[in-house]
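S.K.: The following block contains the structure, expressed as structure tokens.
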Amino acid sequence: MTRGLSVRNLTVRIPIGRRWVHAASDVDLEVPAGTVTALVGESGCGKSILAATVMAMLPVGATVSGSVVVTTAEREFDVTSAAGFRGRDVALVPQSAATHLTPTRTVRSQLDETIAAHGGPSTSDLLAERVGLAPAHLDLHPHQLSGGMAQRVALAGALAADPTVIVADEPTSNLDRAAVDHVLGLLRACADDGAAVLLITHDLSSLIRTEIADRIAVMYASRLMETGPAASVLENPLHDYTRDLLDALPSRGMTPLPGSPPELTDLPDDCVYHLRRPLSPHSGGPTDMVTVGARSYRTRVHR
Ligand SMILES: Nc1ncnc2c1ncn2[C@@H]1O[C@H](COP(=O)(O)OP(=O)(O)OP(=O)(O)O)[C@@H](O)[C@H]1O
Ligand code: NI
């Protein structure tokens, strides 16, 4: 098996009261070591739930079927049944790094603690260097850090045990453009050093500007609509939803998407994008992923 992350046929349901949130439905996603895959889609489509699944941090009562296999140089395991991998083989870079840091302690003491917890070979100075922080920054307290610096500290912590898989869930929201580019560049460097990086983001503009993603996966209402090499997906989307997302960008005409995303509670069992774009050839009725070369897209099938 190739090193990295392999999500197969993943379906996640989360109970709320007597109803079920369709958080992921039939998701297939490969993130080989050495690459960055960006997972994009509107708010509430299930991106963070996918991150939580990979981190084995789903809410109590969630049901999971399918597999989420991580392959490192040493071992292969399914996160839905294994233990002891979090922070070690699979690490999370959270959205608001600052809120994950303890306000009363220096960055150095928190990084040292993370390193000690994993018995990792690294030092806080080495980690700081990897993420472009000066040694003096390590003696600061969290409130003294800019948003971009806090995000780099979070990345340093994630790198403590040299994880094979890095999941970054909206790591650049609330950062200015320079800080966004810096953090994205660091994630790219992690992949170039051999990690499998799953980057969850709203921010297609930054993906276009920085070209850091190898592949893009587009999610809508718990399903993947399209996956493929980043440049192909951005230049020539195969699914209506991807095209509509891109057309909404300032650089591409700013045409708002029609309607709004559905609640994921008790969704029907098929792709529902036709509710927003009734003439879509891809949606409405049973759908499957169709693969053409390096690309896949969801479309209607006759069953
Ligand atoms: N702990 C939870 N318990 C129940 N439902 C949840 C829980 N977390 C998320 N959900 C539901 O799962 C669905 C997907 O949410 P998720 O947070 O994965 O979206 P997202 O794509 O990450 O959106 P955003 O871009 O806003 O972060 C939503 O309908 C949300 O209400
Ligand atoms: Ni999210």
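Since every read-out is calculated from the coordinates, none of them should be taken as a lab result. Given the structure is predicted, the values throughout are model-derived calculations rather than measurements. Glycine also receives a Cβ, built like all others from the backbone with ideal geometry; neighbour counts cover every protein chain displayed.
S.K.: Hey, does segment 229-250 have a residue that's among the small types (Gly, Ala, Ser), without any contact (Cβ under 8 Å) to a residue 60 or more places away in the chain and part of a helix (DSSP H, G or I)?
M.R.: yes
S.K.: If you don't mind, there's one more thing I want to ask. Just to check your reading of the model, which residue among Ala83, Ala91, Ala98, Ala116 is of a type outside the set (Asp, Glu), in contact with a Pro (Cβ under 6 Å, 6 or more places away or on another chain) and either more than 30 Å from Leu175 (Cα to Cα) or part of a helix (DSSP H, G or I) (or both)?
M.R.: Going through Ala83, Ala91, Ala98, Ala116 in turn, just one is of a type outside the set (Asp, Glu), in contact with a Pro (Cβ under 6 Å, 6 or more places away or on another chain) and either more than 30 Å from Leu175 (Cα to Cα) or part of a helix (DSSP H, G or I) (or both): Ala98.
S.K.: Of all residues in segment 58-80, which are in a loop (DSSP other than H, G, I, E, B) and at negative phi?
M.R.: Within segment 58-80, Leu58, Pro59, Val60, Ala62, Thr72, Ala73, Glu74, Arg75, Val79, Thr80 meet the criteria.
S.K.: Check whether at least one residue in segment 9-16 is of a type outside the set (Val, Ile, Thr) and in contact (Cβ under 8 Å) with a residue 60 or more places away in the chain, and report yes or no.
M.R.: no
S.K.: Here is a further query. Here are the criteria: (1) crowded, with 17+ Cβ neighbours inside 10 Å; (2) among the aliphatic types (A, V, I, L, M); (3) away from ligand 2 (no atom under 16 Å from the Cβ). Tell me which single one Val21 does not satisfy.
M.R.: (3)
S.K.: For segment 1-57, how many residues are in a loop (DSSP other than H, G, I, E, B), within 11 Å of ligand 1 (Cβ to nearest atom) and within 26 Å of Ser232 (Cβ to Cβ)?
M.R.: So the count comes out to 5.
S.K.: Within the bounds of segment 108-117, is there any residue that is buried (at least 19 other Cβ atoms within 10 Å of the Cβ) and within 23 Å of Asp181 (Cα to Cα)?
M.R.: Within segment 108-117 (the criterion being buried (at least 19 other Cβ atoms within 10 Å of the Cβ) and within 23 Å of Asp181 (Cα to Cα)), the answer is no, since none of the residues qualifies.
Residues are listed down the side, and each one gets a yes or a no for (1) among the basic types (Lys, Arg); (2) in contact with a Leu (Cβ under 6 Å, 6 or more places away or on another chain); (3) within 15 Å of Val90 (Cβ to Cβ):
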| residue | (1), (2), (3) |
| --- | --- |
| Gly4 | no, no, yes |
| Thr11 | no, no, no |
| Ile14 | no, no, no |
| Leu29 | no, no, yes |
| Thr37 | no, yes, yes |
| Gly41 | no, no, no |
| Ala52 | no, yes, yes |
| Ser67 | no, no, yes |
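S.K.: From the set of residues in segment 247-270 that are surrounded by 15 or more Cβ atoms within 10 Å (Cβ to Cβ) and within 16 Å of ligand 2 (Cβ to nearest atom), which is nearest to Arg18 (Cα to Cα)?
M.R.: This residue is Leu264.
S.K.: Please indicate, with yes or no, whether at least one residue in segment 63-77 is surrounded by fewer than 22 Cβ atoms within 10 Å (Cβ to Cβ), of a type in the set (A, V, I, L, M, F, W, C) and within 16 Å of ligand 1 (Cβ to nearest atom).
M.R.: yes
S.K.: Out of all the residues in segment 33-76, which are under 16 Å from the mean Cα position of the chain (by Cα) and of a type in the set (Asp, Glu)?
M.R.: Glu42
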